[in-house]
Every structure is written in structure tokens, then in C-alpha cells.
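Reviewing the structure listed below.
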Amino acid sequence: MNKVDVSSDVLVIGSGVAGLAFALKMADYANVLIITKKEKAESNTNYAQGGVAAVLSPSDSFDNHVNDTLICGDGLCEKDVVEKIVKTAPTCIKELLEIGADFNRTEDGDLDLGIEGGHSKRRIVHSDDLTGREIERALLNAVARHPSITILENHIAVNLVTRNNRCIGCYVLDKRGNMIQNFISKLTVLATGGIGRVFSHTTNPDVATGDGIAMAYRAGATIMDMEFTQFHPTTLYHPSAGSFLISESLRGEGAILTDRKGRRFMGSYNPMKELAPRDIVARAIDNELKKSGESYVLLDISMKNPDFVRTRFPGVYEQCRSFGIDITKEPIPVVPAAHYCCGGVRATVEGETGVGNLYAIGETACTGLHGANRLASNSIIEGLVCAHYTARRCRELLKKDFSLRPFSPWESGKAVDSDEMIVVTHNREEIRRLMWNYVGIVRSNNRLARAKDRIDLLTREIDKYYWDFIINSDLVELRNIVLVAQLIIESALMRKETRGIHYSLDYPNKLPIARHTLL
Ligand SMILES: Cc1cc2nc3c(=O)[nH]c(=O)nc-3n(C[C@H](O)[C@H](O)[C@H](O)COP(=O)(O)OP(=O)(O)OC[C@H]3O[C@@H](n4cnc5c(N)ncnc54)[C@H](O)[C@@H]3O)c2cc1C
């Protein structure tokens, strides 16, 4: 072994809910190394507002939650996966409470359960409207208390290393030291989150560049259902706001959508009006904007008691106020944005990917829970449940005699000419814009073909860069973004129907048999 090699029983890539929950469940049995590409809390998890879906009320049932999930998934959910995740969800909530997660409670001390679009019952456990931050806090605290878990921040996984279709570790770039090291592991777990940054408008933070999906694809794993990008209907429209999400739960609590003239429009799209599944709401807004030529619509909760609004939605209230909007008095300007990747690395609930010793959990994985559309608040719970089952599987595996397998060091390219880095930035912006314009909420053969031509060209250009220059994290992410864009376009071209959140002008109908897209 090279003296700069780093070794562990289990290498976890990513410190969101899935990676942290998995690490906690492994740490009594193995030494666990978590790498994360920025600060440890920076993740999609940390920005989740609405909450976590689980059956916790006597007026609800597993069947209800399963049915709501299946309806939303539009024929493409794997029913056994849905049942397993739904039935394990309450245990995972209990475990979060045990490690100190602080969720809202009613006056009687029961968990205060919210409701969101597509759910037939109140089952959303939440911590005001900052649920992800609270979960991330609780998990990070528990991880910090465990002596067998190490977290390395500012370490970005570059490429998985396989031998005979078995993962033996990963090349990792230490962003501070600017060097690539061999991270050798018995088992490797991808918990790298989403892909939102492939699109120009997104609710996701900078880290969501689809690295896990791209690395797994390069390592030979199957990638499933990538055409199903969920667009969140309501993000704050403000020139300086980035893409701040306005939670679904505002609509759950009675907020209405209107055009700029105050005309409520959801009734003409779906009988559930504002509580329709988010794809229907996103398309309705997209259609309203295309018809009117306006840049945004309005979301209004000002008819509710101001104290209720301020205490139920402190995050949204404060954020909007910082942009001069008082949501207790006036409507919020909103637009849709790319939000969640229903597809990903094809994996079982136990995280198995088809590549030996390589596991995938959380948003990076595609287990079949979401099908063609994710039911709101079903993703954090998927991360928790799959972390649970994957850890159980990995604990069993490690009982076998595993040896670490060293591999040859990374070979760097030539020096980066700083003038050339502008090309990286330019290409990234170009990919994100073209994905938004041609591979967005409403798709067509022509737009997809145009996107494919352009992405093929950019792929060749970026590949040349990748092999010719010293790697930095921008280049690693750019190479992943272009590959994920390619996977989304290929998948969208293969689906010759409209289903769930994949909406095609050329194929407006649903085919009689639902099939997964596999790449
Ligand atoms: C604004 C917003 C609101 C949401 N609201 C909800 C909600 O209310 N309920 C719900 O269920 N879901 C919600 N979601 C979705 C949910 O938050 C995510 O699907 C879930 O948290 C994903 O968890 P994860 O652990 O899989 O990934 P993440 O939490 O995204 O964590 C991924 C981790 O991997 C790291 N990483 C990525 N690539 C690399 C690399 N190459 N090397 C090293 N590290 C890497 C990242 O830095 C990060 O630490 C929301 C998402 C957003 C963005």
C-alpha cells in the first residue's frame, strides 16, 4: 500500500441523511470513513423544508400511504419496495427521535403531522419548515459522538475503482491539498444526493451535480429512469434569491395560486386544485406563464392568521422578508425549478447496485419507490429506510473475510492554464441553460434531439479537458454534469409516452405497459 493511501472497512461518499444514517448503523461493527465534498452539513437534506412521510396516526394506515405513493408514481413504482419502505418508516422516525431530532408536537405532546400534495392523510413529521436542517443536525451530532466514524470535509470522490466488477475503492481529490489519493475500502456506499445543478433553475445547492450517478455509470452500474426529473412548482422569484424553495406545505395549509391579476387557476387543471401532485401544479404554472408571457405567478397565504403563518413557516417567512416580501400581508412571486431526481443508480432496498461491494442509497439510488413521480416527503424517508437495510446487509457481508485491495495511483494530466478555466464555467452554464430550455417541464422530440447534439459536442470537449489537465473539483463536477445530462436526454428519448413527470408533446398518451428505462 502506498503511504498516502487511505483505507477503511466502509467508505461512505456523502454526508446527507442517507450517508449519515448508514454510517451510524455500521459504526458498531466496522470503521467508517465519510467523505464529503464541502462542509459536512452542505447537502440537499439540509435544505428540506416540508418534512418526512410516515404512518403515525390511528386515522392513517400503511395501505393509505402505499396507495398514495403508487398513484403518484403512475404505474412505475415497485409495489414490494413501496410496502417495505412505508412499513419501516415509523421505526426510522422513532430512531431519529432517539438521537435527539426535535420535531413539532401538538399540545397533547403527539407528533404534529402535516399534510402535503398527493397525501390523503396527515403524515408529515416536521420541524417547523426547517425539517432537513434539524435532521442533519441530529445525525451529525450522533456521528460526532461515535469513535468509529471519521468525516473528511472538502474531499470529492473523482472515480470509483473496480476490479472484476467489484468496487475496491475510489480516487478522491483533497480540495485543500489539491491532490488525488487512493481511498481503499472493503465496501463503498454512494450517498451523493441529487442532480439539480444540471438545470439552470433548481432548488438544490451547488453540491447536487449527480457525481454518484456518473461515477456508478462509469463503473458499470445500471442507471434507471433518469427522464423523471421532478420540478418543484414553487420557488421564490426574485433576482437575488437564487432558487429558494417555497414549501409544498404552504399549499397544504391553504395557500392558493393565482396569476398576477389575482385569478385562481388550479381549478381548471385538476379537481384537487393546489393540492394536486406537484407535476400537475408545475405544468399548470408553466402553461400559465407560457400563455401570459409573465415571469412568475403568485402564491398567497395572507388570508391565514399572521401568527400561524409566522410560527408554522418561520424559514419561508424570514427568507421572503429578507427580500422585502411580508407573506402574512401579500402574495409570493413563484416559478418552478428542478428539484428531485426520481431516477438514479438502480439499487435494491439493501443498496445493491449490480457492481460487487458498491452500494447506493438516498437520492442517488433508484429503488422503484418513486416510479414516474415522487410523492412529496417520501425521499428523506427512503434515505433513512434504505440506510437501515443496506447497513444490515453490509454488516452481514463484513463477517466474511474481506481483504483490502490496493490499486495504482492516479496519473495526473498536464498543468492547467488558468485562462482555460473560463471554458469550464462557460460549458457548465451552457449545459444548465440548454437542459432547462430543451429538457425541462414539457418535452418534445425536436427539443431533445437538439439537446442531444449539443451535449454530444460538449462531452467531447470536456473529455479532452479532463484528460489533458490537472483535475480540480470544478472539472470533476463538469464532467459529471455533462454525463448526467446525457443520461437524462437518452432516457427521455427512449420513453415514447407521457407518464408521471415525463411530459412529451409528441407522445401525449400513456402506453399500456409501464417499463423502466435502463442505461
Ligand atoms: C430545497 C429542498 C427541499 C426538500 N424538501 C424535502 C422534504 O420536505 N421532504 C423530503 O422527503 N425531501 C425533501 N427534499 C429532497 C431531500 O432533501 C433529498 O432527496 C434527500 O435529503 C437526499 O438525501 P441524500 O442523503 O441522498 O443526499 P444529500 O442530502 O444531497 O447529500 C449528498 C451528500 O453527498 C455529497 N457529495 C456529492 N457528491 C460528492 C462527491 N463527488 N464526493 C464527496 N461528496 C459528495 C454532498 O456534498 C452531500 O454531503 C428537498 C430537497 C431540497 C433541495
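The values are calculated or read from the model by the stated rules, or taken from the named source; none is laboratory data. Since this is a predicted model, take the numbers as computed values, not measurements. Note: ideal-geometry Cβ built from the backbone for every residue, glycine included; neighbour counts use all protein chains shown. Accessible surface areas use protein heavy atoms only, side chains included; no ligands, DNA or RNA. Shrake-Rupley method; radii C 1.70, N 1.55, O 1.52, S 1.80 Å.
Some points to look at:
- Selection within region 172-193 - more than 11 Å from the ligand (Cβ to nearest atom), among the polar types (S, T, N, Q) and touching an Asp or Glu at 6+ places or on another chain (Cβ under 6 Å): ASN182
For (1) within 16 Å of the ligand (Cβ to nearest atom); (2) touching a helix residue (DSSP H, G or I) at 6+ places or on another chain (Cβ under 7 Å); (3) without any contact (Cβ under 8 Å) to a residue 12 or more places away in the chain, each residue gets a yes or a no:
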position	(1), (2), (3)
GLY440	no, no, no
ARG447	no, yes, yes
THR459	no, yes, no
TRP467	no, no, no
LEU478	yes, yes, no
HIS502	no, yes, no
LEU519	no, yes, no
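- Scanning region 228-266 for residues being under 25 Å from CYS72 (Cα atoms) and either more than 16 Å from the ligand (Cβ to nearest atom) or among the acidic types (Asp, Glu) (or both) gives a total of 9.
- Residue match in region 140-147 (condition: at pLDDT 95 or above, outside any helix (DSSP H, G or I), open to solvent by 60 Å² or more (accessible area, probe 1.4 Å) and away from the ligand (no atom under 16 Å from the Cβ)): yes
- Taking the listed residues ARG264, ARG312, ARG283, ARG278, the one that is at pLDDT below 95, among the charged types (D, E, K, R) and farther than 26 Å from TRP436 by Cβ is ARG312, with no other qualifying.
- Looking across region 10-22, the residues that are in contact with a helix residue (DSSP H, G or I) (Cβ under 6 Å, 6 or more places away or on another chain) and either more than 6 Å from the ligand (Cβ to nearest atom) or among the β-branched types (Val, Ile, Thr) (or both) come down to VAL10, VAL12, VAL17, LEU20, ALA21, PHE22.
- Top-ranked residue of region 194-207 - restricted to ones that are within 13 Å of the ligand (Cβ to nearest atom) and surrounded by fewer than 24 Cβ atoms within 10 Å (Cβ to Cβ), ranked as nearest to ALA255 (Cα to Cα): HIS201
- Here the condition is being open to solvent by 10 Å² or more (accessible area, probe 1.4 Å), at pLDDT 95 or above and over 21 Å from the mean Cα position of the chain (by Cα); of ARG137, ARG105, it holds for ARG105 alone.
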